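For reference, the structure discussed in these notes is given below.
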Amino acid sequence: MKLLRFLFLTLLLLGTAAQAQTAEPDKPILADRIVAVVNDEAITLNELNARLASVERQLRTQGTPLPPHQVLEKQVLERMIMDDIQLQYAKETSTHVDDDQLDAALQRIATANHLALPEFRAALQKDGVTWAKFREEIRDEMIISKLRERVVDSRVTVSDAEVNNYLASPEYAAGANEELNLSQILLRVPEQASPAQLASIHARAEQALAQIKRGDDFARVAASYSDAPDALSGGVIGFRPLNRLPDLYVNAAAKLQPGEVSGILRSPAGFHIIKLIARRGGAQEAKTVVETHARHILIKVNELVSDADAKRKLLDLRDRLEHGADFAELARLYSNDLSAAKGGDLGWLYPGDTVPEFQRAMDALKVNEISQPVRTQYGWHLIQVLGRRVEPVSTERKRQLARQALRERKSDEAYEDWLREMRDRAYVEYRLDEK
């Protein structure tokens, strides 16, 4: 079917152009064409130009100087190729994002931009971005994110011995709260790279470093050279705890002052250049933690219950609670969560046990106070705090956090290794330079 789609698209493009030439021989023709073939699917010039325009808008918004057009065009095409490889694999493995998940994500994006969803949609359309196209782009991003989680889950293991060694290490004893804000450039090396390929890729890394040393903007160079997923965002990783960064980056950053750039670093994935933007934290690990005892009522949004209906339902329930109704009873009757059988009781929660929107709303409540409706990826919630307590961080919790830190440290490398393998296996034919 994919091959038929590819052939049909080719014939359609050629046929449309030929038909237009016959009908209006003197009129210039703006025909689409194929710029790359990925396995048995095609990327067209119109698709490339649309993505290129989106990336240019993003870079301008960030204040990043644009790379030369041809350089950025090739980088964007390579990113589209990598996306296509992953999305094709996602189809083969039945990895998908349904409309409910997508709608919840779009709502979160609108909220993050301080807009209601209709206002956000209107703002996009004003900028020339169609809503249907934007929805599918976000769906694809979510699918790739979901696929990454699956890949990391299957490839990253953390043994009890590693947890023990980490908890006994000087790094842990000194405190795990220091964070680094980094940007990166990665030039990926194929799994079975020849000496000539290695030399060529290393030469490109030297070119990138030379541009940075002579004063070029790091983000601009990252957008021009980097193969990392964050390349078209200027290579920005953002603040991460020291214990959640690869050792390669931590060791290199230890020798840098904010604003400084490393030399060329080598890992199994390829050649790296990092920039230290800032440090923060570094205090001794907290010995105690504030736990919150909470309960909630969840109304999910689906094809039968709209976003507005779910929120309105919770406002009605909140009004009943203010007039003396029993929270646990309403939770048992109306909540769409597994906790409904326990009257919505979630038990004692550590910081980070819930999604950020829920956590922020819960943290803002006094004991026994009931929130206004709160939107998360799961739907709409009413939250009530039943109590708070300060407890020593348990040994079990320390081990859980240590395992999570080690897992996150390994995840980027595991994902990059998988991407490299997928790219090496894929059939890719470039036609961008064909006229």
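Taking Glu162, is it closer than 28 Å to Asn46 by Cβ and in a helix (DSSP H, G or I)?
Judged against the criteria, Glu162 is not a match.
For (1) closer than 22 Å to Thr354 by Cβ; (2) in a helix (DSSP H, G or I), each residue gets a yes or a no:
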{"site": "Phe239", "(1), (2)": "yes, no"}
{"site": "Leu248", "(1), (2)": "no, yes"}
{"site": "Pro258", "(1), (2)": "no, no"}
{"site": "Leu276", "(1), (2)": "no, no"}
{"site": "Val301", "(1), (2)": "yes, no"}
{"site": "Arg332", "(1), (2)": "yes, yes"}
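State whether the residues of the stretch 378-388 include one that is touching a helix residue (DSSP H, G or I) at 6+ places or on another chain (Cβ under 7 Å), surrounded by fewer than 19 Cβ atoms within 10 Å (Cβ to Cβ) and at pLDDT 95 or above.
no
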Worksheet item: Does the stretch 167-174 contain at least one residue that is in contact (Cβ under 8 Å) with a residue 40 or more places away in the chain and either surrounded by fewer than 12 Cβ atoms within 10 Å (Cβ to Cβ) or closer than 30 Å to Glu92 by Cβ (or both)?
Response: no
Worksheet item: What number goes with the only condition from (1) within 22 Å of Arg188 (Cβ to Cβ); (2) buried (at least 16 other Cβ atoms within 10 Å of the Cβ); (3) among the hydroxyl-bearing types (Ser, Thr, Tyr) that Tyr350 does not pass?
Response: (1)
Worksheet item: Of all residues in the stretch 331-366, how many are closer than 20 Å to Leu321 by Cα and either of a type in the set (Lys, Arg) or in contact with a Gly (Cβ under 6 Å, 6 or more places away or on another chain) (or both)?
Response: 5
Practice prompt. Determine which single condition Pro229 fails, assuming it passes every other condition in (1) part of a loop (DSSP other than H, G, I, E, B); (2) touching an Asp or Glu at 6+ places or on another chain (Cβ under 7 Å); (3) within 21 Å of Ile144 (Cα to Cα).
Written response: (2)
Worksheet item: Is it the case that some residue within the stretch 415-422 is closer than 30 Å to His69 by Cα and surrounded by fewer than 16 Cβ atoms within 10 Å (Cβ to Cβ)?
Response: yes
Discussion item. Within the stretch 389-414, take every residue that is surrounded by fewer than 15 Cβ atoms within 10 Å (Cβ to Cβ) and acidic (Asp, Glu) and give me the one that is farthest from Ser267 (Cα to Cα).
Written reply: Glu391
Worksheet, complete the sentence: Taking the stretch 132-161 and keeping residues over 18 Å from the mean Cα position of the chain (by Cα) and surrounded by fewer than 13 Cβ atoms within 10 Å (Cβ to Cβ) leaves Ala132, Lys133, Ser154, Thr157, Ser159, Asp160, Ala161
Discussion item. Which of the strands (runs of 3 or more DSSP E) found entirely inside the stretch 345-435 contain at least 3 residues meeting this: under 29 Å from Ala112 (Cβ atoms) and under 26 Å from the mean Cα position of the chain (by Cα)?
Written reply: 374-376, 379-392
Item to complete: Scan the stretch 308-321 and give yes if some residue there is in contact (Cβ under 8 Å) with a residue 40 or more places away in the chain, surrounded by 12 or more Cβ atoms within 10 Å (Cβ to Cβ), in contact with a helix residue (DSSP H, G or I) (Cβ under 7 Å, 6 or more places away or on another chain) and not assigned by TED's automatic domain parsing to the domain that holds Gln257, otherwise no.
Response: yes
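The values are calculated or read from the model by the stated rules, or taken from the named source; none is laboratory data. Keep in mind that this is a model prediction, so the values were computed, not measured. Note that we place each Cβ from the backbone using ideal geometry, even for glycine, and neighbour counts take in every protein chain shown.
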